[in-house]
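Worksheet: the structure to be examined is printed underneath.
Just so you know, all these numbers are worked out from the coordinates, no wet-lab data involved. If you're wondering where the values come from, they're calculated on a predicted model, not measured in any experiment. Neighbour counts run over all protein chains shown; Cβ positions are idealised from the backbone, glycine included.
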Amino acid sequence: MSEKKITVKILRFNPKTDKEPYYQTYTVPFIEGLSVLDVLDYIYDHLDSSLAYYGHASCRRGVCGRCALVINEKISLACQTLVSSEELTIKPPPKFRVIKDLMYKT
């Protein structure tokens with residue numbers, strides 16, 4: 001039996017080195033109850049430690065709001081949003097200055 005996987009497209013951008021934002025795609029194992037923040041942690045821990053996002057130090061209880069992102073075209077908290085499809089598209093919220101990747105200045 002093969003393990004279920006999801007495809008994750010993340011808008012990447014480093015203003016110090018990139019001219020334009022671009023999407024990078026990752027394949028991540030799916031586990032029931034997986035949050036979007038869990039997906040980002042998996043990518044950082046196992047696939048690409050250069051990914052910048054508010055994660056490991058976030059509250060993970062939906063209180064602080066630091067992990068607000070555009071997830072499949074809807075602004076949501078990554079720590080509270082459960083993965084419910086086989087494809088995710090993640091980008092920073094609009095109208096904020098991107099520091100790097102999914103990190104932004106409010």
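Could you pull out which residues in the stretch 77-106 have an amide N less than 15 Å from a spot 7 Å beyond the Cα of residue 14, following the Cα-Cβ vector? Residues 99-103 fall inside that zone.
Excluding the site residues themselves, the longest part of the chain lacking any trypsin sites (Lys or Arg not before Pro) in a DSSP loop with at most 12 other Cβ atoms within 10 Å is 20-60. Among the chymotrypsin sites (Phe, Trp or Tyr not before Pro) within the stretch 2-103, which fall in a DSSP loop and have no more than 16 other Cβ atoms within 10 Å of their own Cβ? Answer by residue number: 30, 96. As a length-normalised measure over Cα pairs under 8 Å and 6 or more apart, the relative contact order of the stretch 5-105 settles at 34 percent. When you work out D = kT/(6 pi eta Rh) for the stretch 5-105 at 25 °C and 0.890 mPa s, using the Kirkwood radius from C-alpha pairs as Rh and the Stokes-Einstein form, the result is 181 µm²/s. Given +1 at the Cβ of Lys and Arg, -1 at the Cβ of Asp and Glu and no other charges, the dipole of the stretch 5-105 around its Cα centre is 560 debye to the nearest 20.
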